[in-house]
Amino acid sequence: MDFNVLIQNVFNGLAVGGVYAIFALGYTLVFSILGIINFAHGAVFTLGAYFTYAFLGARFGFNGLLANQQLPFGVPFPLATLFGGLAAGVISVLIERVAFRPLRNRGADPLLTLVSSLGVAVAIVNVIQYLVGAEAYSYPSLTISLGIPPSVMLGGERPIVIRTVQIIIFSVSMVVLVLLTYFINYTKVGKALQAVAEDQITSRLLGINTDRLIVVTFFVSGFVGGIAGTLVGLSVSITGPYFGIAFGLKGLAVIVLGGLGSVPGAVLGGLVIGLGEALVPAQYVGYKDAIAFAVLFIVLLVRPRGILGRTLVQKV
Amino acid sequence: MNVLEINNLSVSYGAVQALIGVSLYVQRGEIVALIGANGAGKSTLLRTISRLIKPKSGEIRYMGEDVLAMRADTVVRKGVAHVPEGRRVLARLSVEDNLLLGAYTRSNRPKIRENLERQYRRFPRLRERRTQLAGTLSGGEQQMLAIARALMSEPQLLLLDEPSLGLAPIIVRDIFQIIRELNADGVTMLLVEQNAQLALQNAQRGYVLEAGSVILDGKGSDLVDDARVRKAYLG
Ligand SMILES: Nc1ncnc2c1ncn2[C@@H]1O[C@H](COP(=O)(O)OP(=O)(O)OP(=O)(O)O)[C@@H](O)[C@H]1O
Ligand SMILES: [Mg+2]
């Protein structure tokens, strides 16, 4: 690999890793509060991407109930991304209502929730297909809509070319990461979330409305998931209703690699897998996914709790 | 005036009857002790007051208001704080974060700061360890933290579940010293203890719970001398 290509690939890896990180944080938030994996998270990611498409005022394709439909208005891409994220957050809250809360209130085994969230994921995929068909959608080019150059060049003689989209993806991921970290560690609600994550009974005794905080958690989780979906859609395209499923699996690898329930672990895991994939030599690129899971497997052999997974806190 | 009034309260866990027709009251400014053997239902009573458990029947009134119509967080907001059995500090958060979360239902920041300062004055150990993770504190320090955290919500009524549990006698003495001071400052308390002697000596009145029912009640000093209490709980 020559140096320029290496730098490009590293940048590529950072961009992809950043998206992995924010997407995986969606899993992590829910996991740390409820102790379960929300399998519908990948579907929320998909929905976020479609919502953004709709908010741009773009027209849907030839299949499905919404064929040839479009919103009577469109907003610029940054706003559409934000709205797409908010809408995904709302959907995520609805999923909590439908698939999580009823089971929790009846004191069901958390494993059952796993299955019900998987069911919701399948249903969402089908609804998407019913509404807008199975075809791929691409966002209108940012070069045209926002007048952004398709790539930037760094350096003089043999410049390093970086796609602008990658810079955007990386920057947006980092902004989301910083905001999320601030929210969790430095706000009152964030501290309360940590309390609920550690001990729901004690949290209730302190006057924390745990049900409301669970709703907040699902909203934030869906919001970052939806943003991640938009960013990946921007980088390639929305490949169809199954868009988020493979990505969802990758997200699972990320959180397991970083350490289940660990926020810095999700970030580190995302960057490690993103970079790892980007550095796979071109002739082996077809094995990219296998390599991500191979890395995961080896790390787990050495550190069964993941890179930053905490050893269980001793109860007094 | 009764701060707390419980009438005919029954609670069960599935088929297990934990409380059967319990009635008691706590007046403003009192320390009321609730004693009884393992499994008598003491913690169940406190958890029911804090709305962690739904009772089968009965009535709970706090300052005349129907507690069973409130959510758990509303009970705290109205002025009832609960120091749970086994302390349950938030081990992965700092001492100061634990204290600040105690004031979760309060929103007046200057007052919260003032209250934090008051707790640090009362428990200088906690000030020294304010940035330390609560899980790394000793048992006695954790108990102090649990009490201080409860006080951060500025309660009118403090529910204490076995504050002496698992602590060395000298630490127990400190904790009860603090309980007396708090009471002198006007905090009303319902104190659950297995250490019957200590509890009754420090309480104005007491109730004895056995297998989910109140079998005796009276002045603390009378109960300490009661033959049945002596035989069953004081050895
Ligand atoms: N979550 C639960 N599920 C089923 N039974 C329970 C549960 N919690 C308590 N019990 C039962 O209810 C009864 C009362 O328990 P409780 O914890 O109130 O007793 P206690 O007086 O606080 O005892 P200790 O002094 O040991 O703390 C016991 O028989 C106990 O086994
Ligand atoms: Mg108990």
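The values are calculated or read from the model by the stated rules, or taken from the named source; none is laboratory data. This structure is a prediction, so every number in the text was calculated from the model and none was measured. Cβ placement follows ideal geometry from the backbone for every residue including glycine, while neighbour counts extend to all protein chains displayed. Side chains are part of the model used for accessible areas, which takes the heavy atoms of the whole protein and leaves out ligands, DNA and RNA. Shrake-Rupley method; radii C 1.70, N 1.55, O 1.52, S 1.80 Å.
Does A:Gly17 satisfy the criteria of being closer than 17 Å to A:Phe170 by Cα, in contact with a Leu (Cβ under 6 Å, 6 or more places away or on another chain) and among the small types (Gly, Ala, Ser)?
yes
Name the residues in segment B:94-113 that are open to solvent by 30 Å² or more (accessible area, probe 1.4 Å) and hydrophobic (A, V, I, L, M, F, W, C), would you?
Selection gives B:Leu100 alone.
Search segment B:25-50 for residues being more than 10 Å from ligand 2 (Cβ to nearest atom) and free of Cβ contacts under 8 Å to residues at least 60 places away in the same chain, and hand back the single one that is nearest to the other protein chains (Cβ to nearest Cβ).
Here the residue is B:Thr48.
Yes/no matrix, rows are residues, columns are (1) touching a strand residue (DSSP E or B) at 6+ places or on another chain (Cβ under 6 Å); (2) within 16 Å of ligand 2 (Cβ to nearest atom); (3) in contact (Cβ under 8 Å) with a residue 12 or more places away in the chain:
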position	(1), (2), (3)
B:Arg71	no, no, yes
B:His82	yes, yes, yes
B:Gly86	no, yes, yes
B:Ala91	no, no, yes
B:Leu99	no, no, yes
B:Ala103	no, no, yes
B:Ile112	no, no, yes
B:Asn115	no, no, yes
B:Arg125	no, no, yes
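State which residue is surrounded by the most Cβ atoms within 10 Å (Cβ to Cβ) when the search covers only segment B:40-70 and only residues that are more than 17 Å from the chain's Cα centre (by Cα) and either closer than 16 Å to B:Ser10 by Cβ or within 13 Å of ligand 1 (Cβ to nearest atom) (or both).
Only one residue fits best here, namely B:Pro55.
From the set of residues in segment B:152-181 that are open to solvent by less than 10 Å² (accessible area, probe 1.4 Å) and more than 16 Å from ligand 1 (Cβ to nearest atom), which is nearest to the other protein chains (Cβ to nearest Cβ)?
Only one residue tops the list, namely B:Ser153.
With the structure loaded, tell me whether A:Leu82 is more than 13 Å from the chain's Cα centre (by Cα) and under 13 Å from A:Phe223 (Cα atoms) or whether it fails that test.
When the stated conditions are applied, A:Leu82 passes them.
Which of the residues that make up segment A:43-70 are surrounded by 15 or more Cβ atoms within 10 Å (Cβ to Cβ) and among the hydrophobic types (A, V, I, L, M, F, W, C)?
A:Ala43, A:Val44, A:Phe45, A:Leu47, A:Ala49, A:Phe51, A:Ala54, A:Phe55, A:Leu56, A:Ala58, A:Phe60, A:Leu66
For the list (1) more than 22 Å from A:Gly18 (Cα to Cα); (2) in a helix (DSSP H, G or I); (3) not aromatic (Phe, Trp, Tyr), I need the number of the one condition that A:Gly147 fails.
Going through the list (1) more than 22 Å from A:Gly18 (Cα to Cα); (2) in a helix (DSSP H, G or I); (3) not aromatic (Phe, Trp, Tyr), A:Gly147 breaks only (2).
Using the structure shown, decide if A:Val285 is closer than 24 Å to A:Ala49 by Cβ, without any contact (Cβ under 8 Å) to a residue 24 or more places away in the chain, surrounded by fewer than 24 Cβ atoms within 10 Å (Cβ to Cβ) and out of contact with any Asp or Glu (no Cβ under 6 Å at 6 or more places or on another chain).
Here the answer is yes, as A:Val285 does meet what is asked.
Does B:Arg130 fit the bill of being part of a helix (DSSP H, G or I) and either within 12 Å of chain A (Cβ to nearest Cβ) or open to solvent by 30 Å² or more (accessible area, probe 1.4 Å) (or both)?
no
Restricting segment B:75-88 to residues that are more than 8 Å from every other protein chain (Cβ to nearest Cβ) and open to solvent by 20 Å² or more (accessible area, probe 1.4 Å), which is nearest to B:Arg129 (Cα to Cα)?
B:Glu85
Taking interchain pairs and intrachain pairs at least six residues apart, which have beta carbon atoms under 7 angstrom, with the first residue in segment B:148-173 and closer than 21 Å to B:Glu96 by Cβ and among the hydroxyl-bearing types (Ser, Thr, Tyr) and the second away from ligand 2 (no atom under 16 Å from the Cβ) and open to solvent by less than 60 Å² (accessible area, probe 1.4 Å)?
As it stands, the answer is B:Ser153/A:Gly207; B:Ser153/B:Val76; B:Ser153/B:Ala81; B:Ser153/B:Gly102; B:Ser153/B:Ala103; B:Ser153/B:Thr105; B:Ser153/B:Arg106, since those pairs meet every condition given.
Where residues in segment B:71-100 are under 17 Å from the mean Cα position of the chain (by Cα) and of a type in the set (D, E, K, R), which of them is farthest from ligand 1 (Cβ to nearest atom)?
Among residues in segment B:71-100 that are under 17 Å from the mean Cα position of the chain (by Cα) and of a type in the set (D, E, K, R), the one farthest from ligand 1 (Cβ to nearest atom) is B:Arg77.
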